[in-house]
């Protein structure tokens, strides 16, 4: 009576020695749950983010801290410390003031930046509730902001602007970003706190967003 069980045990040991791809096919036929757990498909996880954005460099002369909102779609492999994330974000920057020649002060209207970025994510491998991670990526940014031209001549240069012009949202810039964050749970949703530095090429503009994000599909 023990021979059938011995035979099944031998089959199970044989299946355990088969490469992962074959294990997955065998599990579909009913070999057992362990083979299915060995091979896991990529998961696509939607999310939302909200926070603030700090303009630096030349942007800081015209704009104050603004808000950032956006949606994300992450592609991850469970139990792996890496993934990629697509993000669409909207930054609303509050306008400041600029002193023009003749002691006039120009109020700057609010500006906006719409960004589409793709970034890689690398996290710690440790199984803990809170994990540190790092991110780096690139994207396209559409700016609807005002800029200024410096006053003065070649003989008497000065940093004071003599006029402020609206770009009319006609500028599209490429950019690169680096940053990091920490994961945690917000209720039943996996969440994260993240800081990035975003450099816009072809413009004297750097954005520093600080956001809280939630993952809705896990």
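Do we have any residue at all in the stretch 193-201 that's surrounded by fewer than 15 Cβ atoms within 10 Å (Cβ to Cβ) and free of Cβ contacts under 8 Å to residues at least 12 places away in the same chain? Within the stretch 193-201, none of the residues are surrounded by fewer than 15 Cβ atoms within 10 Å (Cβ to Cβ) and free of Cβ contacts under 8 Å to residues at least 12 places away in the same chain. Taking the stated definitions as given, is residue 112 at pLDDT below 85, in a strand (DSSP E or B) and at negative phi? Judged against the criteria, residue 112 is not a match. Checked against the criteria, residue 82 counts as modelled with pLDDT of 85 or more and closer than 18 Å to residue 135 by Cα. Just one of the numbered conditions (1) at pLDDT below 50; (2) surrounded by 13 or more Cβ atoms within 10 Å (Cβ to Cβ) is not true of residue 183: (1). Could you check residue 67 against (1) surrounded by fewer than 20 Cβ atoms within 10 Å (Cβ to Cβ); (2) at pLDDT below 95; (3) over 19 Å from residue 135 (Cβ atoms) and say which number it fails? Just one mismatch for residue 67, condition (2).
The values are calculated or read from the model by the stated rules, or taken from the named source; none is laboratory data. No experiment lies behind these values; they were computed from the predicted model shown. A quick note on method: Cβ atoms are made from the backbone with ideal geometry, for glycine too, and the neighbour counts reach across all protein chains shown.
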